[in-house]
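First the structure, in the form of structure tokens, and then the observations on it.
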Amino acid sequence: MVGNVCFVSPAFADSDSTANAFQPSEEVKATLLPLFTAIADADVSRTKVELSVETVMHGEIVSNEKSTFQIASKFPGKYTIYHKSEEERKRLYSDGETSTVAMSPEAYYVLPEALNNQTLVTRTPIGLGPYPEPMLALSVAGVDPSVTFFGGMLSVSIVGQTQFRGRVDSIHLHGEQDDGVVWDLWMTDEKQPRPLRLLVNLTPMLIATGQVRVPQGYELSLRYDFVSWRMSGEVDDRLFRFIAPKDATKYESLADYQKQTAVRLGSHPLLGKAAPDYTLTLLDGTEISSDDLKGKTVVLDFWATWCTPCIQAMPIIKAAVDEFNDQDVVFYAVNVAENASLVNGFAGEQDWGVDVAVDPKGTMIETFSAGKIPLTLVIAPSGIVEAVHVGYPGKEALKKQFQDELDVLTQGGRIATSQPQKAD
């Protein structure tokens, strides 16, 4: 299953232990066997994959977040994965003995144990965007793609032969998982096929799990385009060795990295300074200026429909603010650069009870340096930005942070993290 671990024996074997598991048809087996066997038998691989995270409303793409994967691997336990987006440059290395995560050129940590290629695919140790497993299963040498593509399935069918992008003979397959995820795979129609595109539709899963209330016409999908792909040739072992830059910081773990960088991320350029002038445009067209909010404690939360941590954090922040609603504390959820009709439809389906502001041109992103979300600013009645929250630390941690901060501010105090540091 994409996103879960559900092991199936290689080559689609029909054993007693898998008698009750999903079994693909003979036609599907015959179609996918050449591709899956080429990957499982490969000693090396080199691939480049472009990912587009698309938000669609009534057939129109209203948001498209792009990133790129560059992957090199050697069976059984050597690989380097480079995930590049506008916001981050993340690498995962393994030389067969040590697996290292470079969160940035300046920060890295070593995993407790080296992960082999198959474990990498089925138990990815770091975030590489949403649902990376199926892409990795088609990109890493020596893994069994059937583990990912046939585990936990309801159905896999052949849609038919087609011309991919109007010029490449291809075969289109369609899969439906038992968790609601739907995927479509296009691969070349030739003796030794290669993957062309993997489209993963997460909308049915969102509906089934109730994570969000999905408005009519809304769709969230991932499009993986395989720009280059090979399971042969030579790969230099130097690609798999991590050499720490001179000034890089080594952390003990991901948790240690997140804890220590949270302090640095909290040093937002506006922290401890007067908030800039701004005007909020609510979904009903009402405009509220920063002058209108003078004397109040203002919580501004920047979010987007495609940002899962934002959706998780929203009701927690709202609940914390509600405890102080008789003490002039107000909360506005500012959508980041998405189509107003999408935001209106999406927010209208949620049970948030939150005043939502729209910023389709991204003006407030620049004003408040909201390059990374979730981003929440707490502005004191004095107009000073007293606290900044970046990311989602978890329900209990986030709730306590807001309760403590709002308790201090509503009593006329200041939050220590916003006060200028004294020189030694």
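Throughout, read-outs are computed from the coordinates displayed, never taken from laboratory work. Here the structure is a predicted model, which means the values were calculated and not measured. Heads up, the Cβs are rebuilt from the backbone with ideal geometry, glycines too, and the neighbour counts pull from every protein chain shown.
The table for this structure:
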{"item": "Segment 268-418, relative contact order [Cα under 8 Å, separation at least 6], %", "result": "32 percent"}
{"item": "Tensor-based shape of segment 48-170 (alpha-carbon gyration tensor, a/c under 1.5 rounded, otherwise prolate or oblate)", "result": "oblate"}
{"item": "Dipole of the chain, positive end: most advanced residue of VAL53, PHE242, SER67 [Cβ charges, Cα centre]", "result": "PHE242"}
{"item": "Within a Gaussian network of the chain (alpha carbon springs, distance under 10 Å), most fluctuating of ASP256, ASP292, ASP359", "result": "ASP292"}
{"item": "Nearest 10 degrees, 0 to 90: helix 308-322 Cα axis against the chain principal axis", "result": "30 degrees"}
{"item": "Fully extended contour minus Cα-Cα distance, from ARG123 to ALA248, at 0.36 nm per residue", "result": "42.3 nm"}
{"item": "Cα gyration tensor, segment 128-178 - rounded (a/c under 1.5), prolate or oblate", "result": "oblate"}
{"item": "Gyration tensor (alpha-carbon) shape descriptor, segment 292-336, a/c threshold 1.5", "result": "oblate"}
{"item": "Reachable lysines from LYS84, criterion Cα separation under 16 angstrom, eight or more residues apart if same chain", "result": "LYS48, LYS66, LYS372"}
{"item": "Cβ-placed point charges (K, R +1; D, E -1), dipole of segment 74-160 about Cα centre in debye, nearest 20", "result": "140 debye"}
{"item": "Where trypsin sites (Lys or Arg not before Pro) in DSSP loops with at most 11 other Cβ within 10 Å are excluded, longest remaining stretch of the chain", "result": "1-122"}
{"item": "Gain upon complete extension [LYS48, GLU190; 0.36 nm per residue less C-alpha separation]", "result": "49.1 nm"}
{"item": "Segment 164-235 versus segment 22-54: alpha-carbon centroid distance in Å", "result": "12 Å"}
{"item": "Rounded tilt (10° steps) of 395-410 against the dominant C-alpha axis of the chain", "result": "10 degrees"}
{"item": "Estimated 222 nm signal from helices in the chain, with DSSP H stretches of n ≥ 4 weighted -39500 (n - 2.57), rounded to 500", "result": "-6500 deg cm²/dmol"}
